[in-house]
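Here the structure is laid out as structure tokens; the discussion comes afterwards.
The values are calculated or read from the model by the stated rules, or taken from the named source; none is laboratory data. As the structure is a computational prediction, the values presented were derived from the model and not from experiment. When we count neighbours, we look across all protein chains shown, and the Cβ atoms used for this are built from the backbone with ideal geometry, even at glycine. Accessible surface areas use protein heavy atoms only, side chains included; no ligands, DNA or RNA. Shrake-Rupley method; radii C 1.70, N 1.55, O 1.52, S 1.80 Å.
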Amino acid sequence: VDAVQCLPSFVLWWYWNLSGDNATLAALLPTFRKGIDGFIANNYDPVTGFFYSSWQNKPVSGGWQILAERYSAGQSDVALGLTALWLMTRATKYARLAALAIRRFPGKFWDAADGRWYIALGGADAVPDNTWYPMTHGYTPFVQKQSRFFQPASCFAQGLTAMEAYQTSEGGFAIPGYDAEHIFSSIYTLGENQLAAPTSPADLALAVNYIKSGQWLMTLGGNPVGGIVFSKRYPYLYTNQAGFACLALAGTLNPF
């Protein structure tokens with residue numbers, strides 16, 4: 001597992017906030033809280049205030065191995081889950097951990113020279129890894145824009161602008177080392193939705209059309225289903241992508 005196991009708590013809070021469905025909240029909250037509590041116990045780094053990317057059960061030697069890197073996008077997943085748990089339980093430890101990660105995030109993960117986010121902090125000394133990883137650029141504004149602890153907010157627009165240099169004529173983003181995947185256009189659009197005005201209206205319009213071009217509708221077991229293909233080179237349905245595409249095309253804002 002990795003930081004995405006923090007997202008169920010965020011989705012539960014979002015659903016409960018919209019529906020007032022206290023029965024579903026009571027039924028699911030203990031399990032989702034247990035998941036994040038386990039993540040804190042196994043992955044939290046008290047030195048940096050961030051979380052290691054994931055843990056693995058090694059069958060040969062047994063026990064848990066904490067991986068050496070703290071991914072930037074993973075910190076955003078954790079921030080969503082922790083903030084949601086605080087809103088649902090009012091347990092202050094969740095608010096404190098979320099605030100600490102968000103407060104330190106720009107100073108640790110921001111690459112001022114290139115105007116974009118580092119992919120990760122690796123090793124005991126938290127050395128930045130400057131490999132291109134576009135997920136953080138749009139996902140960070142969605143997750144952290146609403147927090148008063150995040151400074152400076154100008155990093156949101158700068159990170160999105162850094163992606164635009166790699167946009168293709170179709171609207172995808174051919175980031176070094178990657179295909180022009182539909183998920184990158186969804187993440188870019190999701191981030192742009194958080195800004196008062198787009199960094200580039202033309203690039204945003206191209207990105208939206210590229211997301212739509214990846215829609216794949218089919219019949220499965222007699223029922224109509226759909227998704228967004230991962231990329232034109234790899235035309236398989238990526239379930240995570242479908243959710244980001246829906247959020248992007250709907251113009252969704254971070255409800256926090």
Going through region 1-24 in order, the residues found to be over 17 Å from G74 (Cβ atoms) and either surrounded by 17 or more Cβ atoms within 10 Å (Cβ to Cβ) or in contact with a Cys (Cβ under 8 Å, 6 or more places away or on another chain) (or both) are L12, W13, W16
Determine whether region 204-219 contains at least one residue that is open to solvent by less than 50 Å² (accessible area, probe 1.4 Å), modelled with pLDDT under 95 and either within 16 Å of G159 (Cα to Cα) or touching a Leu at 6+ places or on another chain (Cβ under 9 Å) (or both).
yes
For region 228-250, the count of residues that are surrounded by 12 or more Cβ atoms within 10 Å (Cβ to Cβ), assigned to a loop (DSSP other than H, G, I, E, B) and not hydrophobic (A, V, I, L, M, F, W, C) equals 3
Taking region 10-39 and the residues there that are touching a helix residue (DSSP H, G or I) at 6+ places or on another chain (Cβ under 7 Å) and aliphatic (A, V, I, L, M), the one that is modelled with the lowest pLDDT would be I36
Apart from one, (1) in a helix (DSSP H, G or I); (2) under 19 Å from the mean Cα position of the chain (by Cα) all hold for A205; the odd one out is (2)
The lone condition S154 fails out of (1) under 29 Å from A95 (Cβ atoms); (2) hydroxyl-bearing (S, T, Y); (3) touching a helix residue (DSSP H, G or I) at 6+ places or on another chain (Cβ under 6 Å) is (3)
Exactly one of T239, T189 is within 25 Å of L12 (Cα to Cα) and touching a residue at least 60 places away in the same chain (Cβ under 8 Å), and that residue is T189
Log entry, pairs with first residue in region 166-179 being closer than 11 Å to P134 by Cβ, second being open to solvent by 30 Å² or more (accessible area, probe 1.4 Å) and among the small types (G, A, S), beta carbons closer than 7 Å, six or more apart or on different chains, reads Y166/A174
Heads up, the strands (runs of 3 or more DSSP E) in region 42-145 (entirely inside) with at least 2 residues that are surrounded by 14 or more Cβ atoms within 10 Å (Cβ to Cβ) and either modelled with pLDDT of 90 or more or within 19 Å of the chain's Cα centre (by Cα) (or both) are 69-71, 120-122, 127-129
Selection over region 1-36 where residues are assigned to a helix (DSSP H, G or I) and either of a type in the set (F, W, Y) or touching a strand residue (DSSP E or B) at 6+ places or on another chain (Cβ under 7 Å) (or both) yields a count of 7
